[in-house]
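See below for the structure under consideration.
The values are calculated or read from the model by the stated rules, or taken from the named source; none is laboratory data. What you are looking at is a predicted structure, and each value in this text was computed from that prediction instead of being measured. Heads up, the Cβs are rebuilt from the backbone with ideal geometry, glycines too, and the neighbour counts pull from every protein chain shown. Each accessible area value is taken on the protein alone, full model and side chains, heavy atoms only, with ligands, DNA and RNA left out. Shrake-Rupley method; radii C 1.70, N 1.55, O 1.52, S 1.80 Å.
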Amino acid sequence: RWRHASQRNYERLMTHPIGRYTLDIIFSVQAVAIIGLLVLGIMHPASRLSLAHQPYAAILNFASSAVAAGFTIAGVVSFHRPRLYRYHLFAISLLINIFVSDFFDFYQNQFEALPSFIISVVLYLGVRSVIQHERQRSAAAD
């Protein structure tokens, strides 16, 4: 029952003129937020302290966040590609955030990193749902 309701909502969102760009807007905001946090992290005095105490964790956290931002930007910029391809790029970005970036974030900051982790998991679940709906939609069109 919930699945059918989410399918109807997805169809309604994709047929709305602005709805097709909603996910692009969400992931553009995510990419800008990641890049902004990377820049602030480099400039913040606490990051120098973190580099002094845990240099490998800080560098790997920065690198994995940059890679995740790259996948998100690639997904946003590639609007000439099929939506399903772009959603997969977003899913890869979120998985990198969840399993690599958040791991190092937890290592450095412990439970202060929990909100970021929860947001990443919720976004990932949403993207997986969208991928499933897009597959069903393309199968129905064939």
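Structure above, values below:
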| read-out | value |
| --- | --- |
| Average accessible surface area per residue within the chain, 1.4 Å rolling probe, Å² | 64 |
| Relative packing of 60-68, 114-122, 22-30, which averages over residues the other C-beta atoms within 10 Å, highest first | 60-68, 22-30, 114-122 |
| Kyte-Doolittle at least 1.0, axis length at least 15 Å by Cα - qualifying DSSP helices, the chain | 22-43, 55-77 |
| CD proxy at 222 nm, helix term only [per DSSP H run n ≥ 4: -39500 (n - 2.57); per residue of the chain; nearest 500] | -28000 deg cm²/dmol |
| Ratio Rg/Rh [Cα only; Rh per Kirkwood] for the chain | 1.05 |
| Surface accessible to a 1.4 Å probe, TYR124 within the full protein complex, Å² | 50 |
| Portion, in percent, of the accessible area of the chain that falls on carbon or sulfur, probe 1.4 Å | 71 |
| Accessible-area order (highest first, 1.4 angstrom probe) of the listed residues GLU11, GLU134 | GLU11, GLU134 |
